[in-house]
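The values are calculated or read from the model by the stated rules, or taken from the named source; none is laboratory data. Computed from a predicted model, the values in this text were never measured in an experiment. Backbone-built Cβ (ideal geometry, glycine too); neighbour counts: all protein chains shown. To get the accessible areas, we keep the full protein, side chains included, count just its heavy atoms, and leave off ligands, DNA and RNA. Shrake-Rupley method; radii C 1.70, N 1.55, O 1.52, S 1.80 Å.
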Amino acid sequence: LRRIEPKGEPGLDDDVEHRRSHRRAGRDRQPGGGDLPGQSRFRDRPGVRARREHGRMNLGLAVSRSARRHPGRAAAFDIAREITWSRLDERSNRLAHVLLEHYGLGRGERVALWTANRVEVMEILSGVAKAGLVYVGLNFRMTDTELRHVFDNAQPRVLIVAAEFRDRAEALFGR
């Protein structure tokens, strides 16, 4: 049998193996991953950077990075369709701009989504993250009382609702 090497980013697979061997050796890792306090395991490792040096990670950044690395690969699919990473990135960028420019939302404001599970959920989740907004998921199986409670508690500025729930949303929340 021939061993097949994983195909990934340079340094990333090496880092995974480094962490595995580190655990096998029985070493306790300090915060930051190095052997000494404050030392990063990513120091002196080309192609791999510590996340703390670049700020926070969110779904929007993950989608953009995956779109650059694997533009034609499937990012998500459902019964009706499939979407590639590049298309997901493009559509989530458009949504982020609409939420910020058309609706005038500011960083940290909430956007609620009420739909069944489908590809569009990924587009909206990543678009909301790219805009610096907060996602509020409304499960399509919730009762009217549960929906009102979540809506009153979260107080989203925008509600994105699937066509099949539109009449119910208007009856519950108005507008």
Fill in: Built amide H within the under 5 Å cut-off of Val134, gap 5+
Gly108, Glu109, Arg110, Val111
Worksheet item: Ignoring ligands, DNA and RNA, what accessible area per residue does the range 85-131 give at 1.4 Å, in Å²?
Response: 49
Discussion item. Using each residue's phi in the range 64-73, evaluate 6.51 cos²θ - 1.76 cosθ + 1.60 at θ = phi - 60° and report the 3J(HN,Hα) Karplus result to the nearest Hz, with x for Gly and Pro.
Written reply: 4, 5, 5, 5, 5, 7, 9, x, x, 6
Practice prompt. Specify whether the C-alpha gyration tensor of the range 87-129 places it in the rounded, prolate or oblate class, a ≥ b ≥ c being the square roots of the eigenvalues: rounded for a/c under 1.5, otherwise prolate if a/b is larger than b/c and oblate if not.
Written response: oblate
Item to complete: Rounded to the nearest 0.05, what FRET efficiency do Leu61 and Val98 give with R0 = 22 Å and r taken as the Cβ-Cβ distance? Could you check?
Response: 0.70
Item to complete: Determine the relative contact order of the range 88-143: mean sequence separation of Cα pairs under 8 Å and six or more apart, normalised by residue count, in whole percent.
Response: 46
Response to the item:
Scalar couplings 3J(HN,Hα) for the range 93-109 by Karplus 6.51 cos²θ - 1.76 cosθ + 1.60 (θ = phi - 60°), nearest whole Hz, x for Gly and Pro, are 4, 4, 4, 4, 5, 4, 4, 7, 8, 6, 8, x, 6, x, 3, x, 6
Discussion item. Using amide H atoms built in the peptide plane, which far-off residues or other-chain residues are under 5 Å from Ala76 H to H?
Written reply: Ile83
Item to complete: Give the relative contact order (percent, whole number) for the range 60-175; include only Cα pairs under 8 Å separated by 6+ residues.
Response: 26
